[in-house]
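Chemist: Let me give you the structure first, and then I'll get to my questions.
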Amino acid sequence: MSEPRHADTTARDAANVTAYLEASMVPDPETAARYMAPGTKIVFTGARVFDHPNGVTAFNAGRYAWVKKRMERLDVVPGDGVTTVYSLGTLYGEWPDGTPFEGNRYVDRFTVRDGLIVTMEVWNDSAERLLTKHGITA
């Protein structure tokens with residue numbers, strides 16, 4: 001009997017993560033925040049920590065002229081009282097100097113409890129691409 005409930009919960013949690021990401025891309029951090037529990041921790045590459053989507057919006061405004069996600073897939077993992085949702089895809093947009101980019105891989109990992117995001121971890125290739133753009137390679 002718990003199988004349908006798990007399916008309902010994971011479907012809801014995946015839909016809420018998608019709605020959060022769509023609001024974030026507008027960007028509309030206040031709408032995005034509706035999908036987050038109080039005290040949510042958002043950790044970006046470079047160990048940057050935010051407690052509200054408006055911090056993410058401000059960070060992105062300094063890194064990109066604009067940026068959007070091509071969400072290629074969601075991997076949804078039900079757990080005991082939580083759902084883990086991975087959003088995988090690529091970023092596209094413009095760097096601050098107006099140079100367009102695309103194909104910048106990303107992975108976002110969300111932990112969702114009671115339908116609300118409680119943690120978000122973000123990884124992408126932006127730093128590597130910026131280093132390469134400026135002639136810095138390892």
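The values are calculated or read from the model by the stated rules, or taken from the named source; none is laboratory data. Everything numeric in this text was worked out from a predicted model, so none of it was measured. Heads up, the Cβs are rebuilt from the backbone with ideal geometry, glycines too, and the neighbour counts pull from every protein chain shown.
Chemist: Considering only segment 22-138, give the helices (runs of 4 or more DSSP H) lying wholly within it that have at least 2 residues that are out of contact with any Lys or Arg (no Cβ under 7 Å at 6 or more places or on another chain), modelled with pLDDT of 95 or more and under 23 Å from THR9 (Cβ atoms). Give the steps one after another, and end with the answer.
Modeler: Working: elements: 29-33, 53-63, 126-133.
Passing ranges, in order: 29-33.
Chemist: So the check is Cβ under 7 Å with 6+ separation or different chains; which pairs have a first residue in segment 69-94 that's within 23 Å of ASP125 (Cα to Cα) and of a type in the set (Lys, Arg) and a second one that's modelled with pLDDT of 95 or more and in a strand (DSSP E or B)?
Modeler: LYS69/GLY89; LYS69/LEU91; LYS69/TYR106; ARG70/GLY89; ARG70/THR90; ARG70/TYR92; ARG73/LEU88
Chemist: Quick check, is PHE110 touching a strand residue (DSSP E or B) at 6+ places or on another chain (Cβ under 8 Å), closer than 21 Å to ILE42 by Cα, crowded, with 18+ Cβ neighbours inside 10 Å and aromatic (Phe, Trp, Tyr)?
Modeler: Numbers: touching a strand residue (DSSP E or B) at 6+ places or on another chain (Cβ under 8 Å): yes; closer than 21 Å to ILE42 by Cα: yes; crowded, with 18+ Cβ neighbours inside 10 Å: yes; aromatic (Phe, Trp, Tyr): yes.
Yes, satisfied.
Chemist: Look at segment 11-26 and say how many of its residues are under 12 Å from the mean Cα position of the chain (by Cα) and without any contact (Cβ under 8 Å) to a residue 40 or more places away in the chain.
Modeler: The number of residues fulfilling the criteria is 4.
Chemist: I would also like to ask the following. Please tell me if THR40 is of a type in the set (S, T, N, Q), under 15 Å from GLY93 (Cβ atoms), in contact with a helix residue (DSSP H, G or I) (Cβ under 9 Å, 6 or more places away or on another chain) and surrounded by 15 or more Cβ atoms within 10 Å (Cβ to Cβ). Lay out the reasoning, then the answer.
Modeler: Details: of a type in the set (S, T, N, Q): yes; under 15 Å from GLY93 (Cβ atoms): no; in contact with a helix residue (DSSP H, G or I) (Cβ under 9 Å, 6 or more places away or on another chain): yes; surrounded by 15 or more Cβ atoms within 10 Å (Cβ to Cβ): yes.
Spelling it out, it is not the case that THR40 is of a type in the set (S, T, N, Q), under 15 Å from GLY93 (Cβ atoms), in contact with a helix residue (DSSP H, G or I) (Cβ under 9 Å, 6 or more places away or on another chain) and surrounded by 15 or more Cβ atoms within 10 Å (Cβ to Cβ).
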